Amino acid sequence: IHYSLEVSAPLLRTQGYVDGRWVSAASVFPVLDPATGQEIARVSDCGPAEAKQAVDAAYKAFQSWKQYTAKERSVLLRKWFELLTLHRDDLAKLITLESGKPMRESLGEMAYSASFLEWFSEEARRVYGDIVPSPAKDRKIFLLKQPVGVSTIITPWNFPSAMITRKVGAALAAGCTVVVKPAEDTPLSALALAELAEQAGIPGGVFNVVPCSREKTPSVGAVLCTDPLVAKISFTGSTATGKVLLKLAADTVKKTSMELGGHAPFIVFDSADVDKAVAGAMVSKFRNSGQTCVCSNRFLVQSGIYDRFVEKLGQAMDAELHVGHGSEPDTTQGPLINTRAAEKVVQQISDAVSLGAKVLKGGKRLHGSFMEPTLMRDVTTDMLCTKEETFGPLVPVIRSVPTAVLT
């Protein structure tokens, strides 16, 4: 089946957005539907030159944007929020086609994404200062809050809209300008946000988007993290990449915010309500096919409840999980973002089985980047899946034996 990208024409943008203009690059890169592997668009492959233009434009725009009153910035952010809400369905379709996320989850993300602009449109009016009691009678101490300047926003593919508005809403509310480098797998959502920012009346240069391929990401990232005109970097992604960006930022001592990889445990004690524990496990593991930074990665279950938990979790997986294209209404589990992601899950399963784990459900890679939701028991802490973030629909359950506690 071929799934077409049916969204209103103005929202399907394929060029970079710099200084209020749509700009082409010397080459393009393909954006694929991860469920089918089919090309859905070709996007301008921006390089260091376009990144530098975007930084310069943001720096120039900052000189005037920081002079806007809090109310003026608030009104523009509110208009942007209202446009996201108006175009929610089309924006959700973009998310599903480029990330594979089931449509129900994409609609949820768009509500989440818009909520950040709504929140920061209101908080823009509340950037209060303070008056501090002075130790000297002839002095008064005032505390003022001022925008830091150009902010580089580097975002992941698993929430291609919400991770942008979450960062950009705060930056624009404070009076900063931004350059966004979206993930190479999901640039279309970022460019649609730029189209709506323009419609909302946000001035040119305040919000810039520089899409690029995997190959050009290092050189573009280097410009965005080393240029002296950039004052702040906000990044969500892997720990390994975060370390690289922190090193790049160090020479010019930039402010940084890093939201890096997770390895969340899900712990079930003998005293737990098994049904509630299973319901919680289903939500915390299988949202976005296990591809969120807060997904449970390893399940530690006390020995007295272990067998019942594993059995009931397997039953819930059979009853509730349906693998398919995100556009299909029954789908709860879409594909992983690309074949590399699927290969990583397969590697973790193979490693665990070779060390004694048993696969109870799933365990196989399907076509393309689809993975069967997988349940494994008899997992031990020397297996890869208990040491590395999985980012896929794998549930490794470790039997936890209580130790004596001296009182």
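The values are calculated or read from the model by the stated rules, or taken from the named source; none is laboratory data. These numbers come from a predicted model, not from an experiment. Every residue, glycine as well, gets a Cβ built from its backbone with ideal geometry; the counts of neighbours run over all protein chains shown. Ligands, DNA and RNA are stripped out before the accessible areas are found, and what is left, the full protein with its side chains, is counted by its heavy atoms. Shrake-Rupley method; radii C 1.70, N 1.55, O 1.52, S 1.80 Å.
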Go through segment 245-288 and report how many residues are in the same structural domain as T177 (by the TED database) and free of Cβ contacts under 8 Å to residues at least 12 places away in the same chain. 3
Within segment 345-361, the residues that are touching a residue at least 24 places away in the same chain (Cβ under 8 Å) and open to solvent by 70 Å² or more (accessible area, probe 1.4 Å) are Q347, L355, L360
Listed by first then second residue, the pairs whose first member lies in segment 83-96 and is more than 14 Å from P187 (Cα to Cα), whose partner is open to solvent by less than 30 Å² (accessible area, probe 1.4 Å) and at pLDDT below 95, with beta carbons under 7 Å and at least 6 positions apart or on separate chains, are D90/V7
Name the residues in segment 230-256 that are surrounded by fewer than 15 Cβ atoms within 10 Å (Cβ to Cβ) and at pLDDT 95 or above, would you? K243, K247, A250, D251, T252, V253, K255
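If only one of E215, E184, E259, E198 is open to solvent by 30 Å² or more (accessible area, probe 1.4 Å) and in contact with a Pro (Cβ under 8 Å, 6 or more places away or on another chain), which one is it?
The conditions single out E184.
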Can you confirm whether A240 is under 21 Å from Q348 (Cα atoms) and either assigned to a strand (DSSP E or B) or not assigned by the TED database to the domain that holds M371 (or both)? yes
Residue in segment 5-24 that is most open to solvent (accessible area, probe 1.4 Å), counting only those that are in contact (Cβ under 8 Å) with a residue 40 or more places away in the chain and in a strand (DSSP E or B): R21
Can you tell me how many residues in segment 135-149 are open to solvent by less than 90 Å² (accessible area, probe 1.4 Å) and either within 22 Å of Q67 (Cβ to Cβ) or modelled with pLDDT under 95 (or both)? 4
One residue from D382, D378 being more than 28 Å from the chain's Cα centre (by Cα), more than 28 Å from T186 (Cα to Cα) and assigned to a loop (DSSP other than H, G, I, E, B): D382
Just give me the residues in segment 218-229 being more than 13 Å from I154 (Cα to Cα) and open to solvent by 40 Å² or more (accessible area, probe 1.4 Å), in sequence order. S219, T226, P228, L229
Report the residue count in segment 257-279 for those that are part of a loop (DSSP other than H, G, I, E, B) and small (G, A, S). 4
Would you say D90 is open to solvent by 60 Å² or more (accessible area, probe 1.4 Å) and in a helix (DSSP H, G or I)? no
Scanning segment 280-331 for residues that are of a type in the set (D, E, K, R), in contact with a Ser or Thr (Cβ under 7 Å, 6 or more places away or on another chain), part of a helix (DSSP H, G or I) and surrounded by 17 or more Cβ atoms within 10 Å (Cβ to Cβ) gives K285
Quick count over segment 217-231, residues being in a helix (DSSP H, G or I) and touching a Lys or Arg at 6+ places or on another chain (Cβ under 8 Å), is 6
Just to be sure before I move on: is A190 open to solvent by less than 10 Å² (accessible area, probe 1.4 Å), in contact with a strand residue (DSSP E or B) (Cβ under 6 Å, 6 or more places away or on another chain), in contact (Cβ under 8 Å) with a residue 60 or more places away in the chain and in a helix (DSSP H, G or I) in the structure I sent? no
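Is it fair to say F207 is aromatic (F, W, Y) and open to solvent by less than 10 Å² (accessible area, probe 1.4 Å)?
Yes: the conditions hold for F207.
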Just one of the numbered conditions (1) surrounded by fewer than 18 Cβ atoms within 10 Å (Cβ to Cβ); (2) in contact (Cβ under 8 Å) with a residue 24 or more places away in the chain; (3) in a helix (DSSP H, G or I) is not true of A49; which one? (2)
Confirm whether F116 is of a type in the set (A, V, I, L, M, F, W, C), within 29 Å of K254 (Cβ to Cβ), part of a helix (DSSP H, G or I) and within 18 Å of the chain's Cα centre (by Cα). yes
Quick one: V268 ticks every box in (1) crowded, with 19+ Cβ neighbours inside 10 Å; (2) touching an Asp or Glu at 6+ places or on another chain (Cβ under 9 Å) except a single one, so which number is it? (2)
